[in-house]
Number of protein chains: 2
Amino acid sequence: MATRTARRTGALSKERIVEAAIGILDTDGEGALTFRALSARLATGSGAIYWHIADKQALVAAATDHIIAGVMAGLATPRAPQDAIRAVALGVFDALDAHPWMGALLSSDPWQRAVLRILENVGRQVQALGVPDDALFNATTALMNAILGIAAQHAAAARLPRDTERSAHLTAMAGEWAELDPAEYPFVRQLAAHVPGHDDREQFLAGINLVLTGIESIRERSPR
Amino acid sequence: MATRTARRTGALSKERIVEAAIGILDTDGEGALTFRALSARLATGSGAIYWHIADKQALVAAATDHIIAGVMAGLATPRAPQDAIRAVALGVFDALDAHPWMGALLSSDPWQRAVLRILENVGRQVQALGVPDDALFNATTALMNAILGIAAQHAAAARLPRDTERSAHLTAMAGEWAELDPAEYPFVRQLAAHVPGHDDREQFLAGINLVLTGIESIRERSPR
DNA sequence: ACCTGAACACCGTTCAAGT
DNA sequence: ACCTGAACACCGTTCAAGT
């Protein structure tokens, strides 16, 4: 009887759990992901989830990995390594835009699976760029810092609950910045004035390009 | 009667609370900082703290700011902007080594006070470097990413409870890395082989220098 | 083997009541 | 104005019991 496993449109599985978690995170934010909410959505007991996943951290890590794996698989692979690196970076940027809750994990756990996926992809391209072995680690880390730095910014934005509260928080922050002692914080105040008008994505790409320029100049310095 | 305010070696204050919090965080890690533990250490009621500080996030932010402010104040200011930038970066690095729990906040809240302090300091030096206005923001952000990237790494390390558990976790992680499919993760595996032997601080400084090189090459490209 | 859901051991935060 | 500490409204996780 094949109906046995189909009792509830298929039994619980790690994949089903991860997909449900992503649904909650995307719709209601990271604060809404609790084992109670998750088990309600899956029409199961709250303890059942632990049969398939170790704990909450593993759950969020699996959700993040699920999305990053999809991004990496869907990437076009351009001829030039520089373009490939930009493609990876923008892929992560756009994924963060759609799933800002990933920022918290990506920027706080440097050795988890999703980060290793990005690292592998970036590292290979840096290698293809002809960067000498002794600079390979530094160059790749600098690019990862640029990518994960934007993850941190999305994480910060994701922590603000809802749109209304979000804009309230933003204006409160802008007010706080304006009140910074001009004698003590001239640079930050000058920078803050430029923030409202700028395009995040373009800004991010410019940061990646700056690091690429730096890597290039190292390569020129020690040819072969 | 002057004895009135001295009832309990001085009344509660934000500063006393922050210092007690730092004590707990340094000794027992971020997991140990609870309002119950904190109020016990201060010999007060758990609700009393809320009279002086808004909530837990504000408490950790104040603790981080307290330490970073001290670091920035104690900095020697070298002649060359590059040296000044390196001094700021290493100051933050060493503070993170002594107080790894700061990593979580520094790497996750880009607009909090402690981060603004670092940003102000770095930004001024980048300006002194003669970087043109249109590249100023990018150059400073790239340096901040390098500094806050190391904060994230310290945060990850700080989350591991005690030394015994820590080394167990590290070997478990090394084992996990070794088991990564060699066909899928050649770069990560190659990099992992180099990790055990390397000096964190030196590595960090090399990353800062790479970004400085990149900034230099931008400056050369568009003089004045 | 897989699932249930009550129970456990915590949290941060609030607030009526005190001084 | 400042402090007390019980109470509230949650959490993640465990585990005896079921199928």
- Item | Members of the stretch B:190-221 found to be more than 9 Å from chain A (Cβ to nearest Cβ) and more than 27 Å from B:Ala87 (Cβ to Cβ), listed by number | B:Ala192, B:Ala193, B:Pro196
- Item | Total residues in the stretch A:73-107, condition away from chain B (no Cβ under 14 Å) and not in a helix (DSSP H, G or I) | 8
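Got a sec? Which of A:Ala142, A:Ala178 is at pLDDT 80 or above, touching a helix residue (DSSP H, G or I) at 6+ places or on another chain (Cβ under 9 Å) and not basic (Lys, Arg)? Write out each step before concluding.
Working: A:Ala178 fails: at pLDDT 80 or above.
On inspection, the qualifying residue turns out to be A:Ala142.
For the stretch A:15-29, what are the residues that are touching a residue at least 60 places away in the same chain (Cβ under 8 Å), within 12 Å of DNA strand D (Cβ to nearest atom) and either of a type in the set (Val, Ile, Thr) or surrounded by fewer than 18 Cβ atoms within 10 Å (Cβ to Cβ) (or both)?
Step one: list which residues in the stretch A:15-29 are touching a residue at least 60 places away in the same chain (Cβ under 8 Å), which gives A:22, A:25-26, A:29.
Applying the additional criterion that residues be within 12 Å of DNA strand D (Cβ to nearest atom) yields A:25, A:29.
Correct list: A:Gly29 only.
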- Based on what the data block shows, is A:Gly23 under 25 Å from A:Ala155 (Cβ atoms), at pLDDT below 95 and away from DNA strand C (no atom under 14 Å from the Cβ)? no
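For B:Gly70, indicate whether it is under 21 Å from the mean Cα position of the chain (by Cα), more than 22 Å from B:Arg117 (Cα to Cα) and in a helix (DSSP H, G or I). Give the derivation first.
On the way: under 21 Å from the mean Cα position of the chain (by Cα): yes; more than 22 Å from B:Arg117 (Cα to Cα): no; in a helix (DSSP H, G or I): yes.
Taking the combined requirement at face value, the residue does not satisfy it.
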- List every residue pair whose Cβ atoms lie under 9 Å apart, where the two residues are 6 or more positions apart in sequence or sit on different chains, the first residue falls within the stretch A:181-210 and is touching a residue at least 24 places away in the same chain (Cβ under 8 Å), and the second residue, located anywhere, is surrounded by fewer than 17 Cβ atoms within 10 Å (Cβ to Cβ) and assigned to a loop (DSSP other than H, G, I, E, B). none
- Inspect the stretch B:43-61 for any residue being assigned to a loop (DSSP other than H, G, I, E, B) and either more than 16 Å from DNA strand D (Cβ to nearest atom) or within 14 Å of another protein chain (Cβ to nearest Cβ) (or both) and give the result as yes or no. yes
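The values are calculated or read from the model by the stated rules, or taken from the named source; none is laboratory data. Keep in mind that this is a model prediction, so the values were computed, not measured. Virtual Cβ from ideal backbone geometry, glycine too; neighbours counted across all protein chains shown.
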